[in-house]
Structure formats: structure tokens, C-alpha cells
Amino acid sequence: MTTTPRTLAIAATGLRKAYGDKTVLDGIDIHVPVGTVFSLLGPNGAGKTTAVNILSTLISADAGEARVAGHHLTREAQAVRGAIGVTGQFSAVDGLITGEENMLLMADLQHLSRREGRRITAELLERFDLVEAAKKPASTYSGGMKRRLDIAMTLVGNPRIIFLDEPTTGLDPRSRHTMWQIIRELVAGGTTVFLTTQYLDEADQLADRIAVLNGGKLVAEGSAEELKRLIPGGHVRLRFADPVLYERAATALREATRDDEALTLQIPSDGSQRELRAVLDWLDAAGIEADELSVHTPDLDDVFFALTASPVPAQPAN
Ligand SMILES: Nc1ncnc2c1ncn2[C@@H]1O[C@H](COP(=O)(O)OP(=O)(O)OP(=O)(O)O)[C@@H](O)[C@H]1O
Ligand SMILES: [Mg+2]
């Protein structure tokens, strides 16, 4: 792949950022071809928003180089800002004014003429199914409507690259699907999308390339299919209602990956009858009854767990 600005919407190398002695980004490279969706995955606090903030010129990196829309991130920050739109993790919608007023305010900030501002506002409100709500205070909007307004506001300046920081967190399934449709339409129109998400299925659905951020590094990168191939097999998942039983099982089953919140254990398995029977026999022998047992073939969740979760620490021998 060439790295000319014409083919890459975002080209970043060696991005570093630390807060005090906490290194958030430990030298990451990101390359996003024009007209594609790049998804940055990672657990809470991994540094996704930090990466978005750096690439959208909101904060500066401690080290590294980046070109966004062909412009140097720091030397040509103004040009970068002119080419991008950012929908932040936390809504930029002003609840005290109407949806339409929020849009017109954006148009004003983008230095559009009143006439042009009105035209694009009407067009976007229509496109995002907000015409009926347009004259109501945004504080009365549902989460999904607010999110749609957020994105509509981002599109006022007709950006070629948009950053969407967890655009569907907190939305119900229908609103999430609407959002996915919106993102697909943007991409079909040639927009490049940099998307962060906690939802693996979202990245699976939308992203051409996915990178997993953990411990300040990109620990894996590829298409959804490539990432799934990193995980050799499926697993058996045991869920417990009783924390005491869960602890006992976790202590004994050392190769299991634990999820202390959900009280689930994952045991690598090819899903064969023989392996399933082995797990059942072991549970019987230990006198432990799981409340739920399910068999999983690899999906992006597995990749995420494998790359970002720590395995059960070895028990000291006694
Ligand atoms: N201004 C700041 N000052 C100090 N620490 C910060 C600052 N901004 C972020 N951090 C820290 O940097 C780390 C990464 O934060 P960031 O918001 O980028 O994570 P994230 O991946 O977006 O998480 P989430 O999924 O919760 O949104 C966190 O440990 C956070 O506490
Ligand atoms: Mg974040």
C-alpha cells in the first residue's frame, strides 16, 4: 500500500500520549484509506477517545506524526479541521434550544451564509428523520434522536472524514441499526469513517479494518475475518449465579478466562462432543453445577477477550 495523502485519509505513525506517568498511547500507527471505515476497539480507558482527540486536533500528541486528509496534523491544523467532522462520545447537542437551532448554530460556526445554513439544516433534518422534532427543545429528544442530531450537526460542514466516538453506546437495537444505516450511507457517498466502539458486532458490521487497542498498543489489526482467524477455536462458557461456586470453579479451572462481573468462565474448546463431555465430567466430579453452559464458535468477542482480558493467575502450589 502506498502512503500518499491521496489514498490515505489518515496516516499516523508513532503516536504517543501520556498523562503524568500513565502512558495512554505508546506509539501507535494508524492508516485509513479514503472511503473506508476504520474501527478502533478497546476496553474502557484504553485510549480510544484520546486517539480521536489527537487525530481531530483537539489535543496534541507527545510524539508521532500524522497527516489527516493530506494535511499535516499540527502544521496545518486549520486545514485538517476544515476537512473533518467529529461526533464526540458525549453529546454536543444543546438541550435548551431546538434541534433546528442546534443545526443553525453549527452552520454559523462553519461560517455558512444564513441561506446556505437554512438549506443544509433542512436537508439534514429531513435525512435524519428529525423534521417533526425540529422545533422542539433538544432536551426532549430520545437518546437515538439526540445521537442522530449529533451526527447531523457533524455533517453540516460536509466533512470528508468523520470521527464517531462510540456513536451507538446506550442506543436500543433499532436505533443502533438506524445509525449503522446512516454510517453505511455516508461511506457509500465517499466519506471516510473513523469509528470507536465497544460493540464487536458493530465493528464486524461496518468496519473494513479493525484495530484493537490495549495497554497503549495496537495489539491486533485486520479485517473482522482476519482477526477471527487469530483465535484458534471456540469455547465453552459456564455461567454461575453463585459467586462462591464461580470462585471455586475459577480456581480449579486454571485455563479458563474469567469474567468476574458476569460470573462466567470461558474454556477453550473445539465444540466437539468429546470436549463438551470432558467439561461436564469435570463439573460433576467437582460437584459444581453451572447455571448455564453454552458452546461458542469464534467471533469478534472472542478476539477481544483473548487480546484484552488477563487469564486467571496461576494459583500458588500448597
Ligand atoms: N485529560 C486527562 N487527564 C488525565 N488523564 C486522562 C485525561 N484524559 C484521559 N485520561 C486517561 O487516559 C486513559 C484513556 O482515556 P480515554 O478516554 O482515551 O479512554 P477510552 O478508550 O475512550 O475509554 P472509554 O471506553 O471509557 O470511553 C484513561 O485512563 C483516562 O483516565
Ligand atoms: Mg472514550
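Remarks
- Residue within segment 229-239 that is more than 16 Å from ligand 2 (Cβ to nearest atom), in a helix (DSSP H, G or I) and within 14 Å of the chain's Cα centre (by Cα) present: no
- Scanning segment 133-150 for residues that are surrounded by fewer than 20 Cβ atoms within 10 Å (Cβ to Cβ) and either in contact (Cβ under 8 Å) with a residue 60 or more places away in the chain or more than 17 Å from residue 174 (Cβ to Cβ) (or both) gives 134, 135, 136, 137, 139, 140.
- Considering segment 179-205, and only residues there that are touching a Lys or Arg at 6+ places or on another chain (Cβ under 7 Å) and touching a residue at least 60 places away in the same chain (Cβ under 8 Å), the residue that is nearest to ligand 2 (Cβ to nearest atom) turns out to be 196.
- Every residue from segment 39-66 that is within 16 Å of ligand 2 (Cβ to nearest atom) and in a strand (DSSP E or B): 39, 40, 41
- Summed over segment 67-98, residues that are in contact (Cβ under 8 Å) with a residue 12 or more places away in the chain, away from ligand 1 (no atom under 16 Å from the Cβ) and in a strand (DSSP E or B) total 6.
- Positions within segment 252-285 being small (Gly, Ala, Ser), at pLDDT below 85 and surrounded by 13 or more Cβ atoms within 10 Å (Cβ to Cβ), in sequence order: 252, 269, 271
- Qualifying residue in segment 101-117 (condition: modelled with pLDDT under 95, within 16 Å of ligand 1 (Cβ to nearest atom), in a loop (DSSP other than H, G, I, E, B) and of a type outside the set (Asp, Glu)): no
- At least 2 residues being in contact with a strand residue (DSSP E or B) (Cβ under 9 Å, 6 or more places away or on another chain) and among the polar types (S, T, N, Q) is the threshold, and among the strands (runs of 3 or more DSSP E) wholly inside segment 154-220 those reaching it are 192-197.
- Any hit, segment 30-41, residues being closer than 23 Å to residue 301 by Cβ and near ligand 1 (Cβ under 9 Å from one of its atoms): yes
- Hits in segment 290-318 - residues which are exposed (fewer than 14 other Cβ atoms within 10 Å of the Cβ) and modelled with pLDDT of 80 or more: 291, 292, 294
The values are calculated or read from the model by the stated rules, or taken from the named source; none is laboratory data. Only a predicted model underlies this, so the values are computations on that prediction, with no experimental measurement involved. A quick note on method: Cβ atoms are made from the backbone with ideal geometry, for glycine too, and the neighbour counts reach across all protein chains shown.
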